[in-house]
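Participant: After the structure tokens below, expect a handful of questions from me.
The values are calculated or read from the model by the stated rules, or taken from the named source; none is laboratory data. Source: prediction; values computed, not measured. All Cβ positions, even for glycine, are placed from backbone atoms using ideal geometry, and neighbour counts span all protein chains on display.
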Amino acid sequence: MEERIEINGVTYVREQSWPTGKRAVIVVDRGWIFAGDVTEENGRIYLDRALWLFRWERIGFAAVLADPKSDGVDIRPMPTRVDIPAASEVYRCPVGDDWGL
């Protein structure tokens, strides 16, 4: 629900609060989706505490971002740091520092 307040006839809407940490869900070309603590250097994206968003059922991607522990969401821990070529990134979604853990 959107919060609004009116002052002197002007309606204001609460500003969206976006995560400010270094964790993100990154969609990579060919449909791979990973999450992790992002570091970028030398044309590479490195993800620590990495997870693989393997699949989800019955909900949309936005719902997965909002609640990764929902029924039907299959998130798998990666055994090592994930190393992605920066040019392979399709888009990223900032998430909270404990997303998916």
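Participant: Every residue in the stretch 51-62 that is outside any strand (DSSP E or B) and either surrounded by fewer than 10 Cβ atoms within 10 Å (Cβ to Cβ) or at pLDDT 95 or above (or both), please.
Facilitator: Of everything in the stretch 51-62, those that are outside any strand (DSSP E or B) and either surrounded by fewer than 10 Cβ atoms within 10 Å (Cβ to Cβ) or at pLDDT 95 or above (or both) turn out to be GLU57, ARG58, GLY60, ALA62.
Participant: Give me the pairs: first residue in the stretch 7-34 and at pLDDT below 85, second residue surrounded by fewer than 10 Cβ atoms within 10 Å (Cβ to Cβ) and of a type in the set (A, V, I, L, M, F, W, C), beta-carbon distance under 7 Å, and six or more apart or on different chains, which are they?
Facilitator: Listed pairs, sorted by first residue: TYR12/ILE5.
Participant: Of everything in the stretch 63-75, what is closer than 30 Å to GLY43 by Cβ, outside any loop (DSSP other than H, G, I, E, B) and under 10 Å from the mean Cα position of the chain (by Cα)? Give them in sequence order.
Facilitator: Residues satisfying the conditions are VAL64, LEU65.
Participant: Could you check, for the stretch 76-88, whether at least one of its residues is surrounded by 13 or more Cβ atoms within 10 Å (Cβ to Cβ) and in a loop (DSSP other than H, G, I, E, B)?
Facilitator: Scanning the stretch 76-88, I find at least one residue that is surrounded by 13 or more Cβ atoms within 10 Å (Cβ to Cβ) and in a loop (DSSP other than H, G, I, E, B), so the answer is yes.
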